[in-house]
Amino acid sequence: MAEFKIGRLDGQPPRIRNVPIAVTPEGFWCCPSQAALQKTAKSPNQQGRPRGGASPAPSKASSVQRAQTISSEKRAQSTPARSRTNSDEQICPPPDAVSAPDPPKVAPAPAPEKRPKQHKISVGFGQLDTSDLKVVLYGKEGVAVKMIVHKNILAENSTFFADRISRQSPVSLLEVPDCEDVEIYVETVGLMYCKDVKQRLIKQNVPRVLRILKVAESLGFHACIMSCLDYLEAVPWVGDEEENVVSSIRQLHDEDHRANPLLKRVTSDVLANPPNDTLAHIIDLVLKSSEDRGRREMKSLVLKLFKENNNTYSNGSSADSCVMTLYSCFQNCLESLLALFRQASDLEALAEQSSDDKEQMFRKITLEADNLLWLAEILSDRHAADELTVIWAGQGELAELHPNIPVMHRHLVSCVSARLLVAVGKGEALPSKETRRRLLDVWLQPLMDDYRWLQHGCRWFDRTVVEDGVGQTILTLPLEDQQAVLLAWLGRFLKAGDGCPNLQRAFEVWWRRTFVRPYAELPGSSSASRPGQH
């Protein structure tokens, strides 16, 4: 704790107050924080209450408490002159409260008028006996800080102060109005007295250094700017700090050549390895992985990153390149899966293989089907699965070979069909009606064959979502096609029950369209029936 005088604005003698000020090895004092400057200024129990004594009371908690517990009788007997505050934290009563027109009358005193309060703090730097300049900062909420400094140090370190001093020479007082960050302003001036500014910044955090950087640039304090940039370049950024750092650096005007190395943490000028090539490499590594845990976790991570920012590569050729990369990977996996299906369907060749070879082949089928499902998920989330539905609807041979593969290995293929039908049902993909009908014709039957396994052997499978997606896709077809698909489903549902998708909601809609409110003219009728007429 250090003692210093607080100047009074009303001409009264200053009072001594203890304020937390740290004395540094360089000999300057750090100004207390904004909260500390205003801590005692916001005590509602003291505002407008006169103290009992005429002499200033010590600034201690016990003294303040005793002053607040004076009896109401003593306060009533106090004269207006004795009730005047002795602290810059109190509000002086208005003039009409001091000059009462009729003293003998006892009347309640009018409420004190609220006036702006100003709390003046003095801070010294270096050797105070050699100081030759005073700088007064006027901050928010009436805080004013007087800094006792040295002209040569400020002029040597700050282009702002050098210009002010040269223009007003000789000068003994400089005022800085509307100071946004008094606390950091004082600390930045204090750094001008340091031999090693960077060493002083080590104990700071990133948000505070950004505040110092902002003030240092406004002062033209180049040594401090360099130290702040060196600090920010070396220290890790956590959470939202990255965006704040990048934003602050890009607002610098004169230090671009030093800021560039710092921005290289988030940007790259290397054109030999564009982001799309890197993306293709990452996807290829994940698709070729056979280690279950790493593969599963990285697929989940990459999918999450795509979902978090669907605007990635959202403009121009970058977007096209990203989608083309995903489609190329999908096509490669599809060709590999079709070859494996053919191999597994060749009973003669399969009989000659050892158990290990068969197991390895079925594992590859599972991995390739899982790859297709992952890529379909990414493309559907990015609303880029239109062409994917065309490709999948054209896989008639794969669908014919599907029953030859054990369900525990083939069920992920049905998951791909389900995901694309959900994409169509949600409007994530907008294929033509021919593609939608072919997609159902080719893959709805295999999906129903695997449905019981999907419900009990696939953890992520959401029956409600899939059934709604399939039903909505059916309802986008012409009414005759809806009837053909739903009647085929009805025959299967009446035999399999829970082992078949429940499309009753789609069936109800089709029923109403057909029997309750037909929109088309009936043969021989003079006018079409309309909704609301039935």
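In plain terms, the C-alpha convex hull of segment 465-505 casts an average shadow of 2.7 nm² when viewed from every direction. Other residues with beta-carbon under 9 Å from the beta-carbon of S336 carry, at +1 per Lys or Arg and -1 per Asp or Glu, a net charge of -1.
Taking a temperature of 37 °C and a viscosity of 0.692 mPa s, what whole-number D in µm²/s does Stokes-Einstein yield for segment 320-462 with Rh from Kirkwood over alpha carbon pairs? The partial results should precede the final answer.
Values: Rh = 15.5 Å.
Estimated via Stokes-Einstein, D reaches 212 µm²/s.
Multiplying the residue separation of V465 and R363 by 0.36 nm and removing their Cα-Cα distance gives an extension gain of 33.9 nm. Taking every protein chain into account, the accessible area of segment 141-229 amounts to 45 square angstrom per residue (probe 1.4 Å).
Roughly speaking, what % of Cα-Cα pairs in segment 411-510 are separated by over 17 Å, rounded to a whole number? Across segment 411-510, Cα pairs with separations above 17 Å total 45 percent.
Distance between the modelled labels on H383 and D240, one decimal in nanometres: 2.8 nm (7 Å Cα→Cβ projection). With a point put 7 Å past each Cα toward its Cβ, work out how far L494 is from L430 in nm, to one decimal. Placing both labels 7 Å along Cα→Cβ, they lie 3.9 nm apart. Taking only alpha carbon atoms, segment 142-253 gives an Rg to Rh ratio of 0.99, where Rh is the Kirkwood radius. Measuring spread by the Cα atoms of segment 339-411 yields a radius of gyration and Dmax of 14.2, 45 Å. Here the calculated FRET efficiency for S300 and Y138, from their Cβ-Cβ distance with R0 = 51 Å, stands at 0.40, rounded to the nearest 0.05. For the residue pairs K146/K203; K288/K358; K120/K203; K140/K214; K264/K307; K304/K433, the C-alpha atoms sit more than 21 angstrom apart in K146/K203; K120/K203; K264/K307; K304/K433.
The values are calculated or read from the model by the stated rules, or taken from the named source; none is laboratory data. As the structure is a computational prediction, the values presented were derived from the model and not from experiment. Every residue, glycine as well, gets a Cβ built from its backbone with ideal geometry; the counts of neighbours run over all protein chains shown. Accessible surface is based on the protein model in full, side chains and every heavy atom, while ligands, DNA and RNA are left aside. Shrake-Rupley method; radii C 1.70, N 1.55, O 1.52, S 1.80 Å.
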